[in-house]
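J.: Here's a structure for you.
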Amino acid sequence: MRRFSWRPLTVVATLVFVGAGVGSALVARAGGDAAWLMPLRFLGGAGGGVLSVVCLLAAGRSADPHRAFACWTGGQTVSAALGLLYLPRLFGHVGLAGFYVLLAAAALLALAVVAGLPAAWPEQSGFERGGGSGAARLNLLAIFCYYLAISGAWAFVGVPGLALGLTEDGVGTLTAAAMFTAILGSVLATVSGHSRRRGAYTVGVFGLLLACLLVLAFPPGRGAFIGAVVLLQVCWSFLVPMLLAALADTDDGGGLVILSNMIIGGGAALGPLVAGYTLDYAGTYVAVAAQGALLLALSVAAFIAARRRS
């Protein structure tokens with residue numbers, strides 16, 4: 001990726017992603033032979049990974065990283081909420097093949113913004129050094145612990161809801177609606193990104209997240225549970241751009257911003273796995289919330305330490 005300029009690289013990665021999606025759709029319609037489907041999904045994942053890295057690095061090197069990362073987070077939130085609401089219905093009509101075609105079409109639409117990317121990788125010497133400060137590494141640790149905590153707590157947020165008498169459809173509708181309200185967090189991150197007190201705001205929102213986990217672990221009623229679910233999403237969408245912008249501010253070479261894509265994916269994948277084992281062992285969401293609270297404490301501690309060293 002360091003050998004090519006941004007625009008041709010993005011076009012090629014997008015075409016690979018689109019080709020893998022169309023090929024996967026054809027294989028799915030023909031019966032879904034894993035011998036063909038797995039290599040195609042590997043290629044699609046590689047193309048998508050390149051595009052994710054370009055997005056992160058472009059946001060980090062923009063004139064307003066907080067705003068750019070907030071838009072990036074907001075886009076993820078909206079697409080995830082729309083997916084929860086409409087993809088199950090779409091799947092019932094067109095099957096797995098239609099889902100792959102939808103991904104390919106979305107990627108083609110995204111090509112419209114390629115011209116807005118910088119022509120070349122900035123500060124090539126920084127990339128060749130591949131280094132990052134101690135503050136940048138602490139910010140990377142904060143991001144990993146954060147995603148590990150939130151993805152695990154969110155994956156099983158329906159457990160206390162079902163215990164309160166909500167139906168599975170009701171929990172699904174609530175989580176989808178909460179994702180839409182998360183746009184508010186991205187807007188607040190944009191507004192407060194240039195404030196001198198953004199570090200204090202970030203720590204304060206970490207405190208709100210801990211309060212949400214406490215309410216989810218011991219919900220006094222349905223209203224409090226619903227409020228905690230919604231507030232958790234708002235806090236999530238506020239903190240992600242703050243943490244990513246803090247990393248970009250302390251990573252002169254840019255290498256750790258690229259690595260953050262793997263860290264985010266790893267934390268998001270491992271969080272539900274670890275939380276699932278915790279829930280299976282303890283048999284209660286209280287243990288999942290306690291585990292998430294500990295990881296959030298580690299995350300905010302790493303964030304504060306990074307600010308002191310930067």
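The values are calculated or read from the model by the stated rules, or taken from the named source; none is laboratory data. Nothing here was measured: the structure is a model prediction, and the numbers come from that model. A quick note on method: Cβ atoms are made from the backbone with ideal geometry, for glycine too, and the neighbour counts reach across all protein chains shown. Just so you know, the surface numbers come from the protein's heavy atoms only, side chains and all, with ligands and any DNA or RNA stripped out. Shrake-Rupley method; radii C 1.70, N 1.55, O 1.52, S 1.80 Å.
J.: Given the criteria more than 30 Å from T202 (Cβ to Cβ) and without any contact (Cβ under 8 Å) to a residue 12 or more places away in the chain, does A25 qualify?
T.: No; evaluated as a whole, the condition is false for this residue.
J.: Of a type outside the set (D, E) and closer than 26 Å to L256 by Cα: is that true of A35 in this structure?
T.: The answer is no for A35.
J.: Okay, next question. Is one or more of the residues making up the stretch 38-46 assigned to a helix (DSSP H, G or I), in contact with a Gly (Cβ under 8 Å, 6 or more places away or on another chain), in contact (Cβ under 8 Å) with a residue 24 or more places away in the chain and open to solvent by less than 40 Å² (accessible area, probe 1.4 Å)?
T.: So far as the stretch 38-46 goes, yes, one or more of its residues are assigned to a helix (DSSP H, G or I), in contact with a Gly (Cβ under 8 Å, 6 or more places away or on another chain), in contact (Cβ under 8 Å) with a residue 24 or more places away in the chain and open to solvent by less than 40 Å² (accessible area, probe 1.4 Å).
J.: Still on this structure, I have one more. Just checking, how many residues over the stretch 153-171 are open to solvent by 50 Å² or more (accessible area, probe 1.4 Å) and not in a loop (DSSP other than H, G, I, E, B)?
T.: 6
J.: Next question, about the same structure. Mind checking whether some residue in the stretch 202-215 is among the hydrophobic types (A, V, I, L, M, F, W, C), out of contact with any Leu (no Cβ under 9 Å at 6 or more places or on another chain), under 25 Å from R67 (Cα atoms) and at pLDDT 90 or above?
T.: yes
J.: Next up: Examine the stretch 243-255 for a residue that is in contact with a His (Cβ under 8 Å, 6 or more places away or on another chain) and either among the hydrophobic types (A, V, I, L, M, F, W, C) or within 20 Å of G199 (Cα to Cα) (or both), and state whether such a residue exists.
T.: Yes.
J.: Mind checking whether some residue in the stretch 100-110 is among the small types (G, A, S), surrounded by 13 or more Cβ atoms within 10 Å (Cβ to Cβ), within 21 Å of the chain's Cα centre (by Cα) and at pLDDT below 85?
T.: Within the stretch 100-110 (the criterion being among the small types (G, A, S), surrounded by 13 or more Cβ atoms within 10 Å (Cβ to Cβ), within 21 Å of the chain's Cα centre (by Cα) and at pLDDT below 85), the answer is no, since none of the residues qualifies.
J.: Return the pairs, sorted by first residue and then second, in which the second residue is open to solvent by 70 Å² or more (accessible area, probe 1.4 Å) and of a type in the set (A, V, I, L, M), the first residue lies in the stretch 197-222 and is over 19 Å from L148 (Cβ atoms) and without any contact (Cβ under 8 Å) to a residue 24 or more places away in the chain, the beta carbons are less than 8 Å apart, and the residues are 6+ apart or on different chains.
T.: If the second residue must be open to solvent by 70 Å² or more (accessible area, probe 1.4 Å) and of a type in the set (A, V, I, L, M), no pairs are left.
J.: Could you look through the stretch 277-310, keep only residues that are open to solvent by less than 30 Å² (accessible area, probe 1.4 Å) and of a type in the set (F, W, Y), and pick out the one that is nearest to the chain's Cα centre (by Cα)?
T.: Only one residue tops the list, namely F303.
J.: Follow-up question, since we're still on this one. Is there a residue being β-branched (V, I, T), open to solvent by 30 Å² or more (accessible area, probe 1.4 Å), modelled with pLDDT under 85 and under 26 Å from V191 (Cβ atoms) anywhere in the stretch 58-78?
T.: So far as the stretch 58-78 goes, yes, one or more of its residues are β-branched (V, I, T), open to solvent by 30 Å² or more (accessible area, probe 1.4 Å), modelled with pLDDT under 85 and under 26 Å from V191 (Cβ atoms).
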